[in-house]
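The values are calculated or read from the model by the stated rules, or taken from the named source; none is laboratory data. Everything numeric in this text was worked out from a predicted model, so none of it was measured. Methodologically, a virtual Cβ is constructed for each residue, glycine included, from the backbone with ideal geometry; neighbour enumeration extends over all protein chains shown. With ligands, DNA and RNA removed, areas are computed over all heavy atoms of the protein, side chains included. Shrake-Rupley method; radii C 1.70, N 1.55, O 1.52, S 1.80 Å.
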Protein chains: 2
Amino acid sequence: MSQMQSVEKQLRQMILGLEIGPGEKLTERWIESRFGASRTPVRAALLRLETEGLVGRDGRGWTVSPINLAELEQIAVYREAVEVAALHLTCALTDRSAVDVIEAMLDSCDTDTPREEWHRIGMDFHIELARLSGNEFLFRAVRDAMTRLSRARWLEVRDEAALARAWAEHRAILAAARLGDADEAARLLSVHIVGSRDRLVTSLANDRRGLRARGFAVIAA
Amino acid sequence: MSQMQSVEKQLRQMILGLEIGPGEKLTERWIESRFGASRTPVRAALLRLETEGLVGRDGRGWTVSPINLAELEQIAVYREAVEVAALHLTCALTDRSAVDVIEAMLDSCDTDTPREEWHRIGMDFHIELARLSGNEFLFRAVRDAMTRLSRARWLEVRDEAALARAWAEHRAILAAARLGDADEAARLLSVHIVGSRDRLVTSLANDRRGLRARGFAVIAA
DNA sequence: GATGCCACTTTGGTATCCCAAAACGGTATC
DNA sequence: GATACCGTTTTGGGATACCAAAGTGGCATC
């Protein structure tokens with residue numbers, strides 16, 4: 001793997017894993033020494049992460065994107081549009097057996113499963129469901145949206161009740177999709193996305209003080 | 001403006017204007033000498049254009065993305081999802097007077113207007129309409145989708161009848177939006193997008209031979 | 001004439017150097 | 001103690017040097 005890909009991957013992982021806090025300043029030289037690469041691949045990685053919305057410009061320098069509650073709300077609307085469209089396509093397929101694979105993903109989580117797994121699979125559910133549509137653009141849109149939501153979702157995953165609820169909703173969506181009931185599946189998906197957004201924004205707004213205390217920049221809605 | 005932005009802008013313009021043909025090979029050294037910049041800004045520009053889908057990797061090197069009919073069809077589905085969602089938001093606004101500005105854009109085109117203007121305004125109609133929604137993600141999705149469609153649309157703009165039809169459909173969409181009739185506006189928009197896609201793919205499939213003769217790579221649906 | 005092979009060239013990936021501008025820090029001044 | 005000023009350091013943007021690998025062309029061979 002090229003250095004550029006390596007730096008990009010590791011830096012993304014650190015940002016998404018909150019090892020580098022939202023709002024934190026980044027310098028190309030720090031990344032360079034941290035990962036043992038020269039500035040050329042570092043700059044390439046930063047340019048990519050910028051288009052993903054994970055880092056941004058702060059004047060002349062670089063900053064890890066803050067958690068932005070207004071942005072989270074807009075992403076939910078965006079997700080609703082693209083995920084519902086993808087789900088309609090999937091329900092129109094004659095062979096919808098692939099939903100079983102996604103159901104198996106959900107099943108693989110139990111009480112012994114670490115938080116990181118719940119977090120990842122909660123996102124992959126939506127991403128893989130979108131992939132089934134066969135539309136590359138809808139798929140990428142969902143994947144990119146989930147990436148942007150990833151950091152904020154670390155909070156939701158700490159709430160057992162919210163997690164159980166999300167999994168139940170995921171299963172209901174799959175059940176409707178398996179039957180080919182596009183309208184019902186889409187309705188359930190919309191409710192799920194809007195509900196998740198509300199719970200997420202509410203708990204973030206409540207925890208805002210705590211997040212700030214951890215040095216995380218949080219921008220209000 | 002930085003060299004990077006300058007190179008990116010000029011290269012994008014050359015690609016979108018078909019001055020560099022779809023499928024053509026690019027070397028960093030050629031771009032470097034063509035625009036009088038060093039490889040650093042050239043590289044940054046290529047990385048950006050790659051995320052826009054205008055250039056891609058061909059093994060180790062760079063290639064101007066070919067015209068891909070299958071991709072055009074998928075983009076239409078994606079556009080339909082995001083543009084309809086944006087239009088619903090716009091129709092829900094209490095102040096929809098901004099649609100008049102968009103109508104004025106359409107009015108500015110007459111028989112004396114050069115093809116380039118029709119082409120640009122035909123895209124801006126959709127982009128600006130999405131911007132009215134106030135949702136940054138829907139807006140960017142539409143803008144990026146139109147960018148990807150831009151090159152293929154050069155063909156449609158040569159067809160007077162198609163142009164007149166598109167403009168009439170644009171006006172009908174605005175009329176429904178002005179009244180706040182979201183469902184009717186969305187229906188008209190869907191019909192417009194699907195119809196445009198069909199006409200575009202059909203004429204591209206027909207002209208495929210001619211395009212190939214001009215050295216343009218065209219990938220079938 | 002077709003084909004395999006080798007030397008040379010070109011190319012993207014990387015490291016490093018230079019520069020102007022911005023950020024920082026210390027000091028003198030009020 | 002606050003503040004304005006100036007020299008130093010740091011930083012991102014750009015240019016260039018170097019390298020390994022892929023590509024190219026010509027020559028020898030069959």
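Assorted remarks:
- Residue match in segment A:38-47 (condition: away from chain B (no Cβ under 11 Å) and over 27 Å from A:SER190 (Cβ atoms)): yes
- Residues being more than 23 Å from A:ALA145 (Cα to Cα) and of a type in the set (Lys, Arg) - total across segment A:169-214: 4
- Every residue from segment A:55-90 that is polar (S, T, N, Q), out of contact with any helix residue (DSSP H, G or I) (no Cβ under 7 Å at 6 or more places or on another chain) and more than 16 Å from DNA strand C (Cβ to nearest atom): A:SER65, A:ASN68
- Members of segment A:1-54 that are open to solvent by 30 Å² or more (accessible area, probe 1.4 Å), among the small types (Gly, Ala, Ser) and within 13 Å of DNA strand C (Cβ to nearest atom): A:SER2, A:SER6, A:SER33, A:GLY36, A:SER38
- One residue stands out among those in segment A:57-79 that are of a type in the set (Ser, Thr, Tyr) and more than 9 Å from every other protein chain (Cβ to nearest Cβ): the one that is surrounded by the most Cβ atoms within 10 Å (Cβ to Cβ), which is A:SER65.
- Flag for A:SER33 being within 16 Å of DNA strand D (Cβ to nearest atom) and over 27 Å from A:TRP154 (Cα atoms): yes
- Scanning segment A:36-59 for residues that are among the hydroxyl-bearing types (Ser, Thr, Tyr) and within 11 Å of DNA strand D (Cβ to nearest atom) gives A:SER38, A:THR40.
- Helices (runs of 4 or more DSSP H) enclosed by segment A:2-60 - at least 3 residues per element that are among the charged types (D, E, K, R), touching a Lys or Arg at 6+ places or on another chain (Cβ under 9 Å) and closer than 19 Å to B:GLN5 by Cβ: A:39-51
- Filtered by the rule that a residue be open to solvent by 50 Å² or more (accessible area, probe 1.4 Å) and closer than 30 Å to A:GLY134 by Cα, segment B:80-97 gives B:GLU80, B:HIS88, B:LEU89.
- A single entry from B:LEU54, B:LEU87 fulfils the requirement of being within 21 Å of A:GLY53 (Cβ to Cβ) and either away from chain A (no Cβ under 14 Å) or not charged (D, E, K, R) (or both): B:LEU54.
- Residue ID - surrounded by the most Cβ atoms within 10 Å (Cβ to Cβ), chosen from residues in segment B:98-145 that are within 14 Å of another protein chain (Cβ to nearest Cβ) and without any contact (Cβ under 8 Å) to a residue 40 or more places away in the chain: B:PHE137
- Test: residue in segment B:127-136 that is of a type outside the set (D, E, K, R) and modelled with pLDDT under 95: no
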